[in-house]
Amino acid sequence: MTNTSNRDLKIFAGRSSAGLTERICAHLGMAMGQARTIAFPDGEVLVKLDEDVRGRDCYVVISTCQPVNDNLVELLVYLDCLRRASAARITVVIPYFGYARQDRKDEGRVPITAKLVANLITAAGADRVVALDLHAAQIQGFFDLPVDHLSATPVFIEHFLANKAAMPDLCVVSPDVGNVKVAEGIVNMLGGELAIIHKRRLSGSSVVAQAIIGSVENKTVLMFDDIISTAGTICDAARLLKENGAREIIAAATHPVLVGPAIERLASGAISRLVVTDTIPLGSNVDPIRDRLVVLSVGPLLGEAIRRIHNNQSVSALFKQTAGPKR
Ligand code: R5P
């Protein structure tokens, strides 16, 4: 790590993010903070720090992925633990922010859970937040704390620029209108044409891709989304793209949530390559699609952000010439 004193910096990992935190620490050339999360027989958790954090600049990395509620509670317990151990500043690094999709009242008598989670994190003792490709950028404003909202776009762009020769006649496709801005930014950096899919969500796991705005005939299609959850969105989009003459379909998404029918859909679908990041650890359930799966690490990106925050340097400089976060 250049220009940085690691002396007062401590980085801890929640159970969901141990591998990613190792990669962050490898980028920074430092060891991970020593701590344990202990689960009691009834499911309660306790975090025990095995080193002194008094007066230190502390970071805790936890994705609130599956099991979402367990990881969220572990995060809150971590914050309380660091605060009571007299850390000077506590930054929560949330590579994948669960509950982000419940960000507004889209019908009567429902909660805004993204705001509730922001309130909980604040009340538990966070001083600042680092997030990556939030489902909606306005979630930053749900926190009355500094939030650094990073984008994994530079990581994807580096990968696709290195593989550009294998993607002739490129068309970047936004799988829904919410991602158009990101897709436009990708076109600016990779070249090619832009197309947009009009989708209709029927339920939490069922989606219909209804129409394509633009032509994909004989094109190598690159589809970008922030999250692949049940894979309904990208698999039905891929079906429509194939029906409309796409030659090859590559999909990319920051957060591989991959729940419910996702693996079955991807295994039997038209997507030939799936590129995701390590914001969420993948298990053996992805074995049926392993041969077409590429996992890129956001560890160096998050490590660089931590280095800059620790040194009071600009984090936004990390995003020059990228598509930036969604919306
Ligand atoms: C929706 O707005 C998001 O960007 C994703 O397209 C969505 O969360 C993906 O969900 P699924 O994989 O279940 O269709």
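Taking every DSSP bridge with both residues inside the stretch 153-296, close to 20 percent are antiparallel. Bridges between two residues of the chain, per DSSP, are antiparallel at a rate of about 20%. The length gained on full extension between residue 194 and residue 52, counted as 0.36 nm times the residue separation minus their Cα-Cα distance, comes to 45.9 nm. Annotation: the residues 199, 219, sorted from fewest to most other C-beta atoms within 10 Å of their own C-beta, follow the order 199, 219. Here's how it looks for residue 258: its modeled amide H is under 5 Å from those of 228, 229, which are all 5 or more places away or on a different chain. Per-residue Karplus couplings for the stretch 184-198, computed as 6.51 cos²θ - 1.76 cosθ + 1.60 with θ equal to phi - 60°, are listed in order as 4, x, 5, 4, 4, 8, 9, x, x, 9, 10, 9, 10, 9, 8 Hz, Gly and Pro entered as x.
Once you sort the root eigenvalues of the Cα gyration tensor of the stretch 145-246 as a ≥ b ≥ c, which label holds: rounded (a/c under 1.5), prolate (a/b larger than b/c) or oblate (the other case)? The shape class here is oblate. Ordered by the number of other Cβ atoms lying within 10 Å of each residue's own Cβ, fewest first, 40, 12 fall into the sequence 40, 12. When DSSP beta bridges are restricted to pairs lying wholly in the stretch 50-201, around 0% turn out antiparallel.
Between the stretch 286-300 and the stretch 82-146, the C-alpha centres lie 27 angstrom from each other. Taking a label point 7 Å from the Cα of residue 159 along the Cα→Cβ vector, which residues of the stretch 193-224 have an amide N closer than 14 Å to it? Flagged as within label range: 222-224. Taking Cα atoms only, the orientation of helix 153-162 departs from the longest principal axis of the chain by about 50 degrees. Using r as the Cβ-Cβ distance of residue 169 and residue 106, and R0 as 30 Å, what FRET efficiency do you calculate, to the nearest 0.05? For R0 = 30 Å, the calculated efficiency reads 0.20. Prolate is the label for the chain, because the ratio a/c of its alpha-carbon gyration tensor axes (a ≥ b ≥ c) is 1.5 or higher and a/b is greater than b/c. Relative to the longest principal axis of the Cα atoms of the chain, helix 18-28 runs at roughly 80 degrees. Here's how it looks for residue 225: its modeled amide H is under 5 Å from those of 252, 253, 254, which are all 5 or more places away or on a different chain. Here the Karplus curve 6.51 cos²θ - 1.76 cosθ + 1.60, taken at θ = phi - 60°, turns the phi angles of the stretch 120-129 into couplings of 5, 5, 5, 5, 6, x, 5, 9, 7, 10 Hz, with x standing for Gly and Pro. Here each label is just a point 7 Å from Cα along the line to Cβ, and for residue 34 and residue 15 those points are 2.2 nm apart.
Under 25 °C and 0.890 mPa s, how fast does the stretch 1-151 diffuse according to Stokes-Einstein, given a Kirkwood radius computed over C-alpha pairs? Answer in µm²/s, whole number.
Here the translational diffusion coefficient equals 155 µm²/s.
The HN-Hα couplings worked out from phi for the stretch 303-313 by the Karplus form 6.51 cos²θ - 1.76 cosθ + 1.60 (θ = phi - 60°) are x, 5, 4, 4, 4, 5, 5, 4, 8, 6, 10 Hz, whole numbers, x standing for Gly and Pro.
What distance in nm separates the two pseudo spin-label positions at residue 144 and residue 80, each 7 Å out from Cα along the beta-carbon direction? Output for this residue pair reads 2.2 nm.
For residue 93, the residues whose amide H sits under 5 Å from its own are 60, 61, 62, 130, ignoring neighbours fewer than 5 places away on the same chain, with H placed 1.01 Å from N.
Measuring against 24 Å, Cα to Cα, the residue pairs 115/199; 199/219; 10/115; 164/242; 164/199 contain 115/199; 10/115; 164/199 as the ones spanning a longer distance. For the listed peptides 176-188, 17-29, a ranking on the average number of other beta carbons within 10 Å per residue, highest first, reads 17-29, 176-188.
FYI, it's all coordinate maths here, none of it is from the lab. Note that this is a predicted model, so its numbers are computed, not measured. Positions of Cβ are backbone-derived with ideal geometry, glycine not excepted, and every protein chain shown enters the neighbour counts.
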